[in-house]
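> Encoded as structure tokens, here's the structure I'll be asking about.
The values are calculated or read from the model by the stated rules, or taken from the named source; none is laboratory data. This is a predicted model, so every value here is computed, not measured. Neighbour counts run over all protein chains shown; Cβ positions are idealised from the backbone, glycine included.
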Amino acid sequence: MNDNAPGSVATAPARRRLPRRRAGGSSLDPHEKRRALLLVSPAMIALAIVIGYPVVRAIWMSFQADQHVENGFFVQGGFAGLDNYKHWLLQRCGDVACPPGSTGSSFWEVVGITLFFTVVTVSIELVLGFWFAMIMNGKFRGRGLVRAAVLIPWAIPTAVTAKLWYFIFSYDGIVNHLFGAHVIWFGDKWAARSAIIVSDVWKTTPFMALLILAGLQLISDDVYEAAKVDGASAVQRFWSITVPLVKPAVVVALLFRTLDVLRMYDLPQIMTGGGAGDGNDTTTLSILVINETRNGFNSAAALSTITFLIVFGVAFLFIKFLGASATGAEPKAKR
Amino acid sequence: MRHLRTATSLVALSLVTVPLAACGGGGGGGGTSNDAFKQHLTDRGPITYVQGKVNDNATHAIIAQWNKLHPDEKVTLKEQTDEADQQHDDLVRNFDAKNADYDVVSVDLVWTAEFAAKGYLQPLTGDLAIDTDGLLDSAVKGAQYNGTQYAAPTTSDGGMLYYRKDLVKTPPTTWKELFDDCKIAKQAHIDCYAGQFNKYEGLTVNASEAINGAGGSIVDKDGKTPTVDSPEAAAGLQVLVDGFKNGDIPKSAITYTEEEGRSAFESGKLLFLRNWPYVYGLAASEASSKVKGKFDVAPLPGLDGVGASTLGGHNTAISAYSDNKATAIDFVKFLQSADIQKEYMEKGSLAPIRAEVYKDPALVKKYPYLPTLLTSIENAVARPITPYYQAVTKAIQDNAYAALKGSKTSKEAVKDMAAAIQAASSGQ
Amino acid sequence: MTTSSRWRSARTYLGVVIIVLWGLLPFYWMIVTAFRDLQFTFDTTPWPTHVTLDNFRTVFATNRGNHFGRALLNSVFIGGVTTVIGLTIGVFTAYAMARLRFPGKNAILAIILAASMFPGVALVTPLFQLFRNIGWYGSYQAMILPDISFVLPLTIYTLTAFFREMPWELEEAARIDGATKRQAFTKIMLPLAAPGVVTTAILAFIAAWNEFLIASQLSSDKTAPVTVAIANFTGSKPHVEPYTAVMAAGTVVTIPLILMVLAFQRRIVDGLTAGGVKG
């Protein structure tokens, strides 16, 4: 196994730090191997029970047909092949195209909405989070207080956050009142999406900021001083020192936020129930999964599996894209 | 990147090994009838009663009474959240696990058919039969599936038209009269009419009322053949669409659930409101209400005459997996008894299922809306009684919502509704 | 002070003000609503009006079967245990990932990441059945084990990234001075990793603190955490959502967390970084 697989997020910087552990180095030490497996196994066991088992079960269920009514009672559907997947991907409801008002008909729209939420919220959070982290990394009085203040949004349980913002954006709410507006936030497509994006960005930017801040704290002041002596401008210092050195932290934060938004449920569910616009304009994949479990566990399992694959695909592209640039030019800065 | 590729093959590998993990996979219940139907029919002992979060002052007291009378067959109350969807999912999860902890459950009218068809509910036949004498007919039918009584009606509900009696002399009986009165609202600089139009169960209720009130219907008597693609149904839906278009229904009403409408009505910003009976007491007493003594209720309007409310309410059912079904049925009957029904009304403002309670002079004096409510419930139309209700209600909501937003015509909406109900009813 | 540094500190303070407003404004509205009479829920006066403590009384009232005080303790317990165990396991794994060479490392990293890809809403039913069958229903571990699994991927990835960034030469140096490998790690390296570890701990604790889906299905009245308790608030009438009480509960839940973070920040992060990497 290659320790420095190109593009792997976490390994890319390792080459800089640990030149002695070069790819294709000395042969594997059996003690090291045993110790590693010992260290890794608790995590793997926990994940196998809580995540592995349900995932495997969902995959198996996704190839079974949903129960259907015979003589007034539901009976097991039997093997379904790819029918459940066709229901979603090809939007087939039996022999006909899924009519408007069925869960199947909204699948691709929902995929688009979910990706839209992901791209927009994660981008905004990255920029804001970076900026927050830079400020918090500075020296000023009351740093601890500021760091606590920034955590407030993250600390409030999501369900409460959703209700808070539902309240703030309601027609008779404080936003319309303060701005003298009469926007029906949860009726209009873009207004509703904006409200959800604002709430999500508000809630999770602290997460991003905190992880980036922890990365910034690893950078020694000497590096900046040295660059300053070399005559590098603030902008140059940012791009040639700060960005490459916090990149591992940023990539981790970005990656996990992306995975989270792709699976977002509570905020849109509580704020709009997935509605607004033409009726499904804020429905995310997770909301669709829950709606579908009320129709049939097996087709819902197929949707969960598809969601899993979509998220997997995005993560793959993500790592390929960001990983590729991470293995690019070696940063000039030294510690 | 390599590690993702490795994982792909791991996923593929796990496909082969799954049947190991697959036992106990979702679904459950099943079969043309449930073996559990024959078990524990005469057993007695302590039981658990499950319902959504108690938000009335009656339920706790009623259970305490039972426990006092039956010290050896005590009822423990298990409260779920107050979200209907979460209650539904919690019940399914527990029934599916054949959980004997849930003996008696409170079931929303519209879930009864689904749960019955899944074999979760003990049929109330033979020794477990209930006496339906004196019960409201619509409520009794709402607890049946395929001609069998699977649950016992416990509380009912019906929509009423709240109106400002200080501004409107005689309440409207048709939509035309109602919207004619909107000029009064204009003069008073308030909005005219609102109901529940947010995309949730409330919209199914309101859209069904509009459709039924115009002589249309959603499904045939069999509960699954869609009949909604008709000129009458389109005309009914069109009433609401027009209301939104010409401003008689305020634009913000597209986000209204029960509470937003009540808030608007109580703050004096609304002339007419379609809502449930719970609003009456609050609007008459809350300090923040500006319409105290200025409002009254009437039956809902229809296209050519008095309309029809959608039937609401809860049934009580016995789990097929209960270990003490004899106690369970006694408790169910206890909840249906005249005294308890009266208590539900008095302490909890929950609409009774016995006609006699509505005519109790003392109660009518305290709750003057009772006769109107009785009319509403007696004429109420049930929502489709189908095991695929969750898909059917989505079909109604999605398409009605699109029509109200103007992104499709009423005609297209009822056509799509019919197609989606058809797809849903065939289990697709 | 030069003009440029004065300008820089002015800019910093402007940023600080914006950050504080960002965190506090909606929170302020939450508090204002929490102190407002339920009947005036939709009052939009920007400062406190119709002030009452009723909502807080509702929050802590036990006559309707809610035990918010106990729920708070449950949340602290579940969050604390999750954080300690999750972080310990996470440090193990991350150390192996960052420092040891062994076959299958990339596959393990991928599996850990993939654990964050399945829709969480689809985990509830299978876990419910699994834990019911083994008699864990209503127990703390029925929530703690899933919570640990939910925080592990992030914990491991963050810690691995941090461990890789650290000057491991110091560990070698300590070993030359006679420390065992474990001592070198726990005495020298772990404190150096403090910013990353503490940040991860805070994120993990809050994640466990906020978990609702699993807890709502697997907790009993005795073990329910605050998220479940809040969801169970109810008004005295059907349909009437007690927003004001929910906001009061949100306030009660948030403030101890903020205090805890404050304590953590001052004592650990600032203290350790002062003498550590930054020096």
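> Given the options B:372, B:316, name the one that is touching a strand residue (DSSP E or B) at 6+ places or on another chain (Cβ under 6 Å) and modelled with pLDDT of 95 or more. First the steps, then the outcome.
Numbers: B:372 fails: modelled with pLDDT of 95 or more.
Only one candidate qualifies: B:316.
> Give the residue that is farthest from the other protein chains (Cβ to nearest Cβ), with candidates limited to residues of segment A:284-296 that are touching a residue at least 24 places away in the same chain (Cβ under 8 Å) and surrounded by fewer than 24 Cβ atoms within 10 Å (Cβ to Cβ).
Here the residue is A:291.
> Please list, ordered by residue number, the helices (runs of 4 or more DSSP H) wholly in segment C:165-262 having 1 or more residues that are under 30 Å from residue C:145 (Cβ atoms) and either within 13 Å of chain A (Cβ to nearest Cβ) or in contact with an Asp or Glu (Cβ under 7 Å, 6 or more places away or on another chain) (or both). Spell out how you get there, then give the answer.
Working: elements: C:169-176, C:194-210, C:213-218, C:226-231.
Helices (runs of 4 or more DSSP H) meeting the threshold: C:194-210, C:213-218, C:226-231.
> When segment A:44-72 is examined, which residues are found to be facing chain C (nearest Cβ under 7 Å) and closer than 16 Å to residue A:307 by Cβ?
Residues satisfying the conditions are A:51, A:54, A:55, A:57, A:58.
> Also, quick follow-up: Has segment C:70-86 got any residue that is aliphatic (A, V, I, L, M), buried (at least 22 other Cβ atoms within 10 Å of the Cβ) and either within 20 Å of residue A:256 (Cβ to Cβ) or at the interface with another protein chain (Cβ under 10 Å from one of its Cβ atoms) (or both)? I'd like the intermediate steps shown before the answer.
First, pick out the residues of segment C:70-86 that are aliphatic (A, V, I, L, M): C:71-73, C:76, C:78, C:81, C:84-85.
Next, only the ones that are buried (at least 22 other Cβ atoms within 10 Å of the Cβ) stay: C:71, C:78.
Pick out the ones that are also either within 20 Å of residue A:256 (Cβ to Cβ) or at the interface with another protein chain (Cβ under 10 Å from one of its Cβ atoms) (or both) and you get none.
No, segment C:70-86 contains no residue that is aliphatic (A, V, I, L, M), buried (at least 22 other Cβ atoms within 10 Å of the Cβ) and either within 20 Å of residue A:256 (Cβ to Cβ) or at the interface with another protein chain (Cβ under 10 Å from one of its Cβ atoms) (or both).
> Taking the criterion of being buried (at least 22 other Cβ atoms within 10 Å of the Cβ), within 14 Å of chain B (Cβ to nearest Cβ) and more than 30 Å from residue C:12 (Cβ to Cβ), would at least one residue in segment A:114-133 satisfy it?
no
> Please specify each residue of segment B:65-118 satisfying the condition of being in a loop (DSSP other than H, G, I, E, B), in contact (Cβ under 8 Å) with a residue 60 or more places away in the chain and within 11 Å of chain C (Cβ to nearest Cβ).
B:97, B:98, B:99
> How many residues does segment C:56-67 hold that are within 13 Å of another protein chain (Cβ to nearest Cβ), surrounded by 14 or more Cβ atoms within 10 Å (Cβ to Cβ) and not basic (Lys, Arg)?
Total satisfying the criteria: 5.
> Across segment B:349-390, what is the total count of residues that are assigned to a helix (DSSP H, G or I) and hydrophobic (A, V, I, L, M, F, W, C)?
The number of residues fulfilling the criteria is 9.
> Which one of these does residue A:325 not meet: (1) at pLDDT 90 or above; (2) farther than 20 Å from residue A:124 by Cα?
(1) is the only condition that residue A:325 fails.
> Determine, yes or no, whether residue B:223 is in the same structural domain as residue B:403 (by TED's automatic domain parsing) and either touching a strand residue (DSSP E or B) at 6+ places or on another chain (Cβ under 9 Å) or free of Cβ contacts under 8 Å to residues at least 24 places away in the same chain (or both). Steps first, answer last, please.
Values: in the same structural domain as residue B:403 (by TED's automatic domain parsing): yes; either touching a strand residue (DSSP E or B) at 6+ places or on another chain (Cβ under 9 Å) or free of Cβ contacts under 8 Å to residues at least 24 places away in the same chain (or both): yes.
Yes; evaluated as a whole, the condition is true for this residue.
> Additional query: With respect to the numbered conditions (1) assigned by TED's automatic domain parsing to the domain that holds residue B:253; (2) farther than 16 Å from residue B:222 by Cα, which one is the sole condition not fulfilled by residue B:392?
(2)
> Wholly within segment B:243-329, which strands (runs of 3 or more DSSP E) include no fewer than the required count, namely at least 2 residues that are within 14 Å of chain C (Cβ to nearest Cβ)?
Passing ranges, in order: B:270-275, B:312-318.
> I want to confirm something. Restricting to segment A:80-99 and keeping residues that are at positive phi and out of contact with any strand residue (DSSP E or B) (no Cβ under 9 Å at 6 or more places or on another chain), which single residue is surrounded by the fewest Cβ atoms within 10 Å (Cβ to Cβ)?
Taking segment A:80-99 and keeping what is at positive phi, we get A:81, A:91, A:94.
So of that shortlist, the ones also out of contact with any strand residue (DSSP E or B) (no Cβ under 9 Å at 6 or more places or on another chain) come out as A:81, A:94.
Numbers: A:81: 10, A:94: 14.
Among those residues, the one meeting the criterion is A:81.
> Out of B:228, B:205, which single residue is assigned to a loop (DSSP other than H, G, I, E, B), within 30 Å of residue B:391 (Cβ to Cβ), among the hydrophobic types (A, V, I, L, M, F, W, C) and touching a residue at least 40 places away in the same chain (Cβ under 8 Å)?
B:228
> Let me ask something additional. Residues of segment C:45-55 being of a type in the set (S, T, N, Q) and surrounded by 14 or more Cβ atoms within 10 Å (Cβ to Cβ), which ones?
C:52, C:55
> Tell me whether segment C:170-190 contains one or more residues that are crowded, with 24+ Cβ neighbours inside 10 Å and of a type in the set (Phe, Trp, Tyr). Show your work before the answer.
Keep residues of segment C:170-190 that are crowded, with 24+ Cβ neighbours inside 10 Å, which gives none.
Scanning segment C:170-190, I find no residue that is crowded, with 24+ Cβ neighbours inside 10 Å and of a type in the set (Phe, Trp, Tyr), so the answer is no.
> Can you pull out every residue in segment C:96-116 that is buried (at least 21 other Cβ atoms within 10 Å of the Cβ) and within 13 Å of chain B (Cβ to nearest Cβ)?
C:97, C:105, C:106, C:108, C:109, C:110, C:111, C:112, C:113, C:114, C:115, C:116
> Looking at C:35, C:40, which is the one that is within 14 Å of chain B (Cβ to nearest Cβ) and aromatic (Phe, Trp, Tyr)?
So the residue among C:35, C:40 that is within 14 Å of chain B (Cβ to nearest Cβ) and aromatic (Phe, Trp, Tyr) is C:40.
> Testing residue C:141 on (1) facing another protein chain (nearest Cβ under 7 Å); (2) of a type in the set (S, T, N, Q); (3) under 30 Å from residue A:34 (Cβ atoms), one condition comes back false. Which one is that?
(1)
> Taking residue B:185 and the conditions (1) out of contact with any helix residue (DSSP H, G or I) (no Cβ under 9 Å at 6 or more places or on another chain); (2) at pLDDT 95 or above, which numbered condition does it fall short on, given that it satisfies the others?
(2)
> Let me ask something additional. Residue check: is residue B:346 assigned to a helix (DSSP H, G or I), at pLDDT below 95, out of contact with any Gly (no Cβ under 9 Å at 6 or more places or on another chain) and at negative phi? Let's see the steps before the verdict.
Details: assigned to a helix (DSSP H, G or I): yes; at pLDDT below 95: yes; out of contact with any Gly (no Cβ under 9 Å at 6 or more places or on another chain): yes; at negative phi: yes.
The answer is yes for residue B:346.
> Mind counting the residues in segment B:205-228 that are in contact with a Lys or Arg (Cβ under 9 Å, 6 or more places away or on another chain) and at positive phi?
0
> Which numbered condition trips up residue A:140, out of (1) in a helix (DSSP H, G or I); (2) within 12 Å of chain C (Cβ to nearest Cβ); (3) under 24 Å from residue C:199 (Cα atoms); (4) of a type outside the set (Lys, Arg)?
With (1) in a helix (DSSP H, G or I); (2) within 12 Å of chain C (Cβ to nearest Cβ); (3) under 24 Å from residue C:199 (Cα atoms); (4) of a type outside the set (Lys, Arg) applied to residue A:140, the lone miss is (1).
> Then there's this: Of the conditions (1) within 25 Å of the chain's Cα centre (by Cα); (2) not in a helix (DSSP H, G or I), residue A:170 satisfies every one except a single condition; which number is it?
(1) is the only condition that residue A:170 fails.
> Take segment A:136-148 and flag every residue that is free of Cβ contacts under 8 Å to residues at least 60 places away in the same chain and either in contact with a Phe, Trp or Tyr (Cβ under 7 Å, 6 or more places away or on another chain) or surrounded by fewer than 23 Cβ atoms within 10 Å (Cβ to Cβ) (or both).
A:138, A:139, A:140, A:141, A:142, A:143, A:144, A:145, A:146
> Being within 10 Å of chain B (Cβ to nearest Cβ), assigned to a helix (DSSP H, G or I) and touching a residue at least 24 places away in the same chain (Cβ under 8 Å) is true for just one of A:299, A:240. Which residue is that?
Result of the check over A:299, A:240: A:299.
> Further, regarding this structure: Of the conditions (1) at the interface with another protein chain (Cβ under 7 Å from one of its Cβ atoms); (2) farther than 21 Å from residue A:255 by Cβ; (3) in a helix (DSSP H, G or I); (4) not basic (Lys, Arg), residue C:93 satisfies every one except a single condition; which number is it?
(2)
> Of these, A:222, A:200, which one is assigned to a helix (DSSP H, G or I), charged (D, E, K, R) and surrounded by fewer than 18 Cβ atoms within 10 Å (Cβ to Cβ)?
Of A:222, A:200, the one residue that is assigned to a helix (DSSP H, G or I), charged (D, E, K, R) and surrounded by fewer than 18 Cβ atoms within 10 Å (Cβ to Cβ) is A:222.
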